[in-house]
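The values are calculated or read from the model by the stated rules, or taken from the named source; none is laboratory data. Note that this is a predicted model, so its numbers are computed, not measured. No Cβ is skipped: glycine too gets one built from the backbone with ideal geometry, and neighbour counts run over all protein chains shown. With ligands, DNA and RNA removed, areas are computed over all heavy atoms of the protein, side chains included. Shrake-Rupley method; radii C 1.70, N 1.55, O 1.52, S 1.80 Å.
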Amino acid sequence: LLLHDFLFTDMHLVTIEKALQRNYLKEIRLSACIVGNHGLRALSNMIASETVSKRGSLDIFHAWVERFEISGSADVYFRDLANSLSQSTMRDFRILKTKNHWTTDEETNKVVSGKSEAEFCRMLQNNFYLEQLSIPCSRESQTEMDFYLKLNQLGRRRLCVLNRLHNTIDVQSDLYTEREEWVKALIASRGDVGYLYSFLSMNPSLCQSNDC
């Protein structure tokens with residue numbers, strides 16, 4: 001579903017949420033939105049309903065936001081959004097700003113509080129599906145989130161599945177394939193010590209020598 005040259009409000013987001021309960025969509029991109037309390041709630045429900053129904057069809061969601069119109073604290077709404085994403089198999093979720101309407105001042109752009117930012121960071125520690133995530137937040141939090149997103153891009157979910165299989169499969173060829181996949185991930189992340197350390201922490205046996 002690609003909709004451009006149209007201004008979306010909370011009412012439209014709620015309508016899309018309800019329509020998604022009866023339809024299978026792989027991708028949603030909305031060109032311009034004014035998002036309030038009901039709109040944020042609709043986004044959370046949209047993702048949660050995909051998870052509960054076990055359809056997992058929605059893979060990409062992009063919304064370009066002109067401005068937020070939130071009454072009261074936005075923490076509860078962004079916390080619910082983080083909780084919905086924690087169980088989702090979605091690969092790409094982005095709330096983006098439209099260049100023509102947002103001020104360039106970073107503190108004004110920041111809509112998500114530090115408390116909510118921490119929720120998204122914690123969510124990504126255990127979400128192995130998301131490879132792209134953008135929300136209005138500080139550079140520090142975006143940097144931390146980007147770290148986990150990069151791990152997912154390098155194949156963290158696939159490697160964790162292999163690690164679980166290691167406990168139940170003793171066939172030599174399977175173990176060889178598993179180790180080969182881990183070595184490929186280490187090679188791909190060799191330019192950053194942080195990624196190397198994370199993968200080695202997930203599978204310390206890679207540091208063991210057959211001669212020991």
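At-a-glance table
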item	result
Surface accessible to a 1.4 Å probe, LEU3 within the full protein complex, Å²	60 Å²
Two-site label geometry, GLU181 and GLN132: point separation in nm, points 7 Å out along Cα→Cβ	2.5 nm
Karplus-derived 3J(HN,Hα), 6.51/-1.76/1.60, for each residue of region 198-207, Hz, glycine and proline x	4, 5, 5, 5, 6, 9, x, 4, 5, 8
For GLY39, net neighbour charge (Lys/Arg +1, Asp/Glu -1) across residues whose Cβ lies under 11 Å away	-2
Pairwise label distance in nanometres, ARG190 with GLN125, each label 7 Å out on the Cα-Cβ vector	3.1 nm
